Amino acid sequence: MLIVLYFQLFKTLMQLSDWIGTVGVAITLLAYFCGTFEKIRMDGKLFFLLNAVGSALSCLGSWLIHYWPFVVLEGVWSLVSLIGFLKAKRPV
């Protein structure tokens, strides 16, 4: 009985890939929210760092579920953000 309950509960919870992707998307959205409302500079290192980390996590979450279009999108987004981070003159 307890084993059945455990498996029913596990099915209703988010999988690891869901958590990774959700955190990644949340970080990316946080970067754009903060940038749009001028809480951080959109040409600063923090903006690019948040984007790089968020999109890398989203890429990993998508890779875990084999959703290749999003892997490509988020992988490229992460690389571009990393380049932006390295080129940015503003401190974190």
Exercise. Kindly list, by first and then second residue, each pair from a residue in the range 72-92 that is among the basic types (Lys, Arg) to a residue that is in a helix (DSSP H, G or I), limited to pairs with Cβ atoms under 9 Å and residues at least 6 apart or on different chains.
Key: LYS87/PHE48; LYS89/LYS45; ARG90/LYS45; ARG90/LEU46; ARG90/PHE47
Quiz item: Any idea which residue in the range 15-39 is surrounded by the fewest Cβ atoms within 10 Å (Cβ to Cβ), counting only those that are aromatic (Phe, Trp, Tyr) and farther than 21 Å from LEU86 by Cα?
Solution: PHE37
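Could you list, in sequence order, the residues of the range 51-70 that are free of Cβ contacts under 8 Å to residues at least 40 places away in the same chain, surrounded by fewer than 22 Cβ atoms within 10 Å (Cβ to Cβ) and in a helix (DSSP H, G or I)? Before the answer, list the steps.
Within the range 51-70, the first condition is being free of Cβ contacts under 8 Å to residues at least 40 places away in the same chain, and the residues that meet it are 51-59, 63, 66-70.
With the extra rule that they be surrounded by fewer than 22 Cβ atoms within 10 Å (Cβ to Cβ), the set shrinks to 53, 56, 63, 66-70.
Selection gives VAL53, ALA56, TRP63, TRP68, PRO69, PHE70.
Determine, yes or no, whether THR36 is at pLDDT 95 or above, over 14 Å from the mean Cα position of the chain (by Cα) and not charged (D, E, K, R).
Values: at pLDDT 95 or above: yes; over 14 Å from the mean Cα position of the chain (by Cα): yes; not charged (D, E, K, R): yes.
Yes, satisfied.
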Quiz item: What's the number of the condition MET42 fails, among (1) in contact (Cβ under 8 Å) with a residue 12 or more places away in the chain; (2) closer than 17 Å to VAL80 by Cβ?
Solution: (1)
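The values are calculated or read from the model by the stated rules, or taken from the named source; none is laboratory data. Keep in mind that what you see is a predicted model, and the values were worked out from it rather than measured. Every residue, glycine as well, gets a Cβ built from its backbone with ideal geometry; the counts of neighbours run over all protein chains shown.
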